Structure formats: C-alpha cells, structure tokens
Amino acid sequence: MKTNIGVFFGGRSTEHEISVISASQAMHAINRDKYDVTPIYITKDGRWFTGELLFDVKNYKNIQELLKQCQEVYMRPIYGDYNLYKVNKSMFGSSIVSKLDVVIPVLHGSNGEDGIFEGVLESTGIPFAGCNTLASANGMDKITMKMILQANDVPVVDYVWFTDKQWFAQRDELVAKIENKLGYPVIVKPANLGSSVGIGRAANREQLLQRVEEAEKYSTRLVVEKMVENLQEINCSVLGDCDDYQMSVLEEPIKSGEILSYEDKYMGGTKGAKGMQASEKRIPAELPEDETKRIQFLAGETFRVLSCHGVSRVDVIVDADTRDIYVNEINTIPGSLSFYLWEATGLPFDKLMDKLVQLAIKRKREQGLKTVSYDQNIFSMGGGVKGGIKK
C-alpha cells in the first residue's frame, strides 16, 4: 500500500488564500506512483473538509458550492489515532473517511504556522513534516525570534517591542523610547503575521502613531524596527532538521516600493495570484561570493538555533551602504514551500516533497527512542501522596 499523505491548508489566517495556492502546488508535485494524497481544507471559520475537488485551485472561486461537494471531517485528539472521521455519519457504513500516514502542513500565518496546529498534530502522534509546536511559535513571533537570535549571536536590526495595552497606557514613554533608541525612519509590524500584512513605514511621530494604530488591528504584540534605508532583501531556504540541514541558492525579491508588499510577493504585479514563485526576483542573487556564503551561514544558524524542521525560508537584509547583514525573519512554512529555490539548487519539486515525507518519518522514529512516561503507578505504592492529607 502507498503512504497516504494528508496535506492541510487554508485556515483561520490573513494568508488563507496563499495557503490554498501553496498547497495546490505541493499536492500536484507529489509523486502519485509512490504516494496517495488526501487534501484537508480548513475554512476561514475553522471547519475541515476533504474531497477530490479540493485539488483544483480554480474551484475555490465559489467556496460555498465547493464545500457542498466535499466531506466535512475531523480528527480525534487521541494519541495513535491517525484517522479522518466524518462529521455527518450515515446510519450504515464506516465513520472513517481515510487513514493518514504522514501530514504535510501548508498553513501560512496565524493559527497554522504559529504552533497551534502543530500542537494538534503532536497530540495525535502522527508523523508530520515541519517545525514542532515550540519552534513554530518561536519562529512566527518576531519578538521571541529576535531575542533567541540575539542570544546566539545572529545579527538583527535594533528594535523596540510592546503590547497593544502598553501602547494605550504608556504611549508617550514608548514613543520617546523609539525615538531615542531607533530614530526615524522605522518599520512597524504586528509580531505574529507574515506576507507583509499590517506592516508600515514611519518617517516621523505622526506616521508612527498611524502605523501602530494599523498594526494593532492584527496583533496584541507589536514590534518597531530601525529601518535600513538603502537595503537589499535576500532570501535563502533551509531544508532538513536542526542537526542536519542544507541551504539553497539565494534570491533577491524585487519590490515595487520601499517595502516588499503582499502584492509584490504573491500577485506578481499584474499576473494574478500564483504564489511566491510568481513574484519578481533574481535567482541566484547577484552578490559577492563571501556575502553569499555569509547569508547562507546565517540562514542555517537561524534554522538551527530555533530548532526548525522541514523546509523554511530565512529573509535577510543587507545594508547596501555598509554591507552589514541582518536576519529579518524566518518563514517556517514558506509560500510555495520555496520549491523554486530548491529547483534552482538542483532539487526538483517532487524530490522536495519526498524529502519532507522522509524527514517526518525520521523524526517520528527518533522520538520513539525517548522516554515520555514511567511504567509505575505511584498510587499503588502506598505511603500517601506528597502534599496530600494523611488520615
């Protein structure tokens, strides 16, 4: 029997549509001679559906009609149960739609890339490719990520962070801190979103107030970064696990304005939504060899110190005046799974998907060697319970 790969995508996220595109690309790249593929689409209100029509991205133009022709499903949070169950079970027949062997999450942004969904998978014990709950959460939150990178000598730009409640209670103090530590211009970002959503540039105090007001619509945690004005943005993908990984060739995305926008990344100018591979870019990036190697090293270090797994993309900033290099962020489930970077490195998309399945199975096998509980029942050993009341 062939290994059945469950591909999860969509989700309660501002990057919902991009996830659908990325998953469609990934599912069509999987070698059907070796694997079966089960698509599991998560709607914007968190319901799960499966069905053959979910493979074709054109069918998502009318979601309501699409879902009428699909089966609503769920998984039970029971360790070792890898089945998909019907929500609406008929009186006769099995309640099981499919048994999954491996999961590949292709969920971008909040509620999918931030550890929430990864926790669901870990609770069942099913092998899955990608970062675990801890690494996903740390990679998604720009504040925590920066703290971990700084502690491990990976350079990041200077920043100030705060919560939305702090901003409303201590606005004057935070503005003063930003102006004294960073100066202008700055970049204001929600801490836990990707795809340039909610991000804005501020060149003065008035714009700072406006940008924070916009960003706090998306997140309770906010970060303001010193802006490198004359910059190059360079991306590098990393594949493997934190003990054994490889780096791709580099790309230089071409932005239409001062900040690489959502449209730059996914709309390809006027080309329509086609995923990250449609964006304007130079592959490989035109950089001196020493800078190329330095960026690849920093991408690998970012992947390593965050304990990542699967395929990620690390975005760096190069100061074009000083040639200083800073890690900007990591995408633990990158748009289009960065397949175009791996194809340029010599690894075809179907082989990338093969590798992700192998990584999932390898991690599951290694986890099975660890002790997670003791075969002892302290309640049967007598002597009372520590901290309890003896009679």
If you find the alpha carbon centre of the range 1-63 and of the range 168-236, how far apart are they in angstrom?
34
Can you work out ³J(HN,Hα) from phi for every residue in the range 127-138, in order, using Karplus 6.51 cos²θ - 1.76 cosθ + 1.60 and θ = phi - 60°, giving whole Hz and x for Gly and Pro?
x, 9, 8, x, 5, 6, 4, 5, 5, 5, 5, 5
Find the percent of Cα-Cα distances in the range 3-128 that exceed 23 Å, and round it to a whole number.
26
How large is ³J(HN,Hα) for each residue in the range 204-217, as worked out from phi by the Karplus curve 6.51 cos²θ - 1.76 cosθ + 1.60 (θ = phi - 60°), to whole Hz, x for Gly and Pro?
7, 5, 4, 5, 4, 4, 5, 5, 5, 4, 6, 5, 6, 5
Work out how much length residue 28 to residue 297 would gain on full extension: take 0.36 nm times their residue separation and subtract the Cα-Cα distance, in nm to one decimal.
93.7 nm
Give the residue from 186, 327, 161 lying farthest towards the positive end of the charge dipole for the chain; charges sit on Cβ (+1 for Lys and Arg, -1 for Asp and Glu) and the dipole is referred to the Cα centre.
161
Mean projected area, convex hull of alpha-carbon positions in the chain, reported to one decimal in nm², is 25.7
Assign unit charges at the C-beta atoms only (+1 for Lys and Arg, -1 for Asp and Glu), then state the dipole size of the range 158-226 relative to its Cα centre in Debye, rounded to the nearest 20.
120
For the chain, what is the charge dipole size about the Cα centre, in debye to the nearest 20, if Lys and Arg each add +1 at the Cβ and Asp and Glu each add -1 at the Cβ?
1640
Figure the gain on full extension for residue 379 and residue 324 (residue separation times 0.36 nm, minus the Cα-Cα span) and round it to one decimal in nm.
13.8 nm
For all pairs of alpha-carbon atoms in the range 110-165, what percent lies in each bin of width 5 Å, listed from the first bin to the last filled one?
4, 18, 23, 17, 16, 13, 6, 3
Tabulate in residue order the Karplus-calculated ³J(HN,Hα) for the range 340-354, using 6.51 cos²θ - 1.76 cosθ + 1.60 with θ = phi - 60°, rounded to whole Hz; enter x for Gly and Pro.
5, 6, 6, 4, 5, 8, x, 10, x, 4, 5, 6, 4, 5, 4
Using only Cα atoms, tell me the angle between helix 16-29 and the longest principal axis of the chain; keep it within 0 to 90° and round to the nearest 10.
60
Please name whichever of 170, 100, 224 sits farthest to the positive end of the charge dipole of the chain, dipole taken about the Cα centre and charges placed at Cβ: Lys and Arg +1, Asp and Glu -1.
100
Using Cα pairs closer than 8 Å and at least 6 residues apart in sequence, work out the relative contact order for the range 65-126, in percent.
34
Compare 368, 93, 80 in a GNM of the chain, Cα atoms joined below 10 Å, and give the one with the largest fluctuation.
93
Determine the calculated [θ] at 222 nm for the chain from helices alone, applying -39500 (n - 2.57) to every DSSP H run no shorter than 4 residues and normalising by the residue count; nearest 500 deg cm²/dmol.
-9500 deg cm²/dmol
Could you work out the Rg to Rh ratio of the range 158-226, with Rh taken as the Kirkwood radius (inverse of the mean 1/r over all Cα pairs)?
0.91
Starting with the highest mean, order 157-168, 370-381, 34-45 by the number of other Cβ atoms within 10 Å, averaged over the residues of each peptide.
34-45, 157-168, 370-381
Given an 8 Å cut-off on Cα distances and at least 6 residues of separation, report the relative contact order of the chain as a percent.
16
The farthest towards the positive end of the charge dipole of the chain, of the residues 298, 348, 288, given +1 on Cβ of Lys and Arg and -1 on Cβ of Asp and Glu, is 348
Please report, in debye to the nearest 20, how large the charge dipole of the range 47-87 is about its Cα centre when each Lys and Arg carries +1 at its beta carbon and each Asp and Glu carries -1 there.
120
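Any read-out appearing in this document is the output of simple, stated calculations on the displayed coordinates, not a laboratory observation. These numbers come from a predicted model, not from an experiment. Glycine gets a Cβ as well: all are built from the backbone with ideal geometry, and neighbour counts include every protein chain shown.
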